[in-house]
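First the structure, in the form of structure tokens, and then the observations on it.
The values are calculated or read from the model by the stated rules, or taken from the named source; none is laboratory data. Note that the structure is a prediction, hence the values are computed from the model and not measured. Neighbour counts run over all protein chains shown; Cβ positions are idealised from the backbone, glycine included.
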Amino acid sequence: MHIPDGYLGPATYGSMFGLVLPFWAAASRKVNRTLQAKQAPYLAIGAAFSFVIMLFNIPVIGGTTGHATGATLIAILIGPWAATISLSVALVIQALLFGDGGITAIGANCFNMAVAGCFTGYGVYRLLSARSDPSGRRRWIAAAAAAYISLNISAVLTATELGIQPLLEHTVDGQPLYAPYPLEVALPAMALEHLLLFGFVEAAVTALVVRYFQRNEPGMLA
Amino acid sequence: MSERSTTIKKLWISIGILVLLSPLGIILPALFGAGGAWGEWGIEEIEKLTGFVPEGMKRLAGIWKAPLPGYAVPGQGRGIATSGLGYLLTGIIGVALTAAAAYLLAKLLARRDRQQGKD
């Protein structure tokens, strides 16, 4: 889901930076107002977890690979604003050091996986777990469903940004300048693998860790 | 030891275990004959898939030279064991840097908070 350099034209990657910047600014302000210095380790743990979970590429036999992002889990545990910062830090390091995701696509990748991932995951979790017992079954089921939906939304956003490139950016004779596959190819390709496999992996990881916290550190879920 | 610092220690240990297991993320795809992620092909792969390299992509693709591209140590061999080891080493570097960067950023944001509180 890490869009490389050269896949998005300037209009798209510029817009995506424009979209993500206000979220980064708001997240900084929010975290600045609510975070105490002793909570800094949680932000670091969230970022480290997101980085490491994305190393686990899950194969589709004979096909592509994909991975979980941890967005929903981290948002549940430290809140969507702090989680957005955690994931963004991981994504920026991945792009700068490892070429995983392009530097021109940092805005897009951070919007898709960090902002959209954390806020949809957190929103769905809060909605489904409203007024539920913190140690009850509804909590981890809500977390699993939220994680599944959130990863799929990130995937669909990514596929949409890639899929509109042939429409937006092409030569006079219609040859695509950047990502070459149209929406009707990009959308089903990315949506299917996430709906059928990677989304369930994200859901399982999220539910397992939420269960762990329910049993051992219920304070983190309060 | 306080309950909070025990929690933090346990979480760091879990992340350490995940890092040690992370070579599975490159070994399993190799075993199952899976390629990269959809939409993350290199220039050569794009040419194989579509028969051409889009002009803009050609210009932009090499805009950034990452020091450890593809979670591999530059010049490492291509075998599965070597790739796994390179993946592990670069993973350790990545997790450490990510944690450090997020920690510093969080401290910075939290400190600004205290200064504002004094005004």
- Query: Right, residue B:65: of a type in the set (Lys, Arg) and part of a helix (DSSP H, G or I) or not?
  - Reply: no
- Item | Positions within the range B:14-35 being in a loop (DSSP other than H, G, I, E, B) and more than 14 Å from residue A:55 (Cβ to Cβ), in sequence order | B:32, B:33, B:34, B:35
- Please go through the range A:144-182 and pick out each residue that is farther than 30 Å from residue A:73 by Cα, among the acidic types (Asp, Glu) and at pLDDT 95 or above. A:169
- Report, by residue number, each residue of the range A:57-72 that is among the small types (Gly, Ala, Ser) and surrounded by 23 or more Cβ atoms within 10 Å (Cβ to Cβ). A:66, A:68, A:70, A:71
- Task: Keeping to the range A:46-56, report how many residues are crowded, with 23+ Cβ neighbours inside 10 Å and farther than 19 Å from residue A:110 by Cβ.
- Result: 0
- If residue A:192 satisfies every condition in (1) surrounded by 21 or more Cβ atoms within 10 Å (Cβ to Cβ); (2) farther than 19 Å from residue A:6 by Cα but one, which is the exception? (1)
- Which members of the range A:143-200 meet the condition of being of a type in the set (Gly, Ala, Ser), more than 11 Å from chain B (Cβ to nearest Cβ) and part of a helix (DSSP H, G or I)? A:143, A:144, A:145, A:146, A:147, A:150, A:154, A:199
- Message: Looking for something at pLDDT 95 or above, surrounded by 13 or more Cβ atoms within 10 Å (Cβ to Cβ) and in contact with a strand residue (DSSP E or B) (Cβ under 6 Å, 6 or more places away or on another chain) - is there at least one such residue anywhere in the range B:49-59?
- Response: yes
- Sort out which residues of the range B:49-62 are hydrophobic (A, V, I, L, M, F, W, C) and outside any helix (DSSP H, G or I), and write them in order of number. B:52, B:53, B:61
- Item | Which listed residue is in contact with a helix residue (DSSP H, G or I) (Cβ under 9 Å, 6 or more places away or on another chain), under 29 Å from residue A:219 (Cα atoms) and either charged (D, E, K, R) or surrounded by fewer than 23 Cβ atoms within 10 Å (Cβ to Cβ) (or both), from A:37, A:75 | A:37
- Query: So, of the residues in the range B:45-69 that are over 11 Å from residue A:4 (Cβ atoms) and among the small types (Gly, Ala, Ser), which turns out to be nearest to the other protein chains (Cβ to nearest Cβ)?
  - Reply: B:56
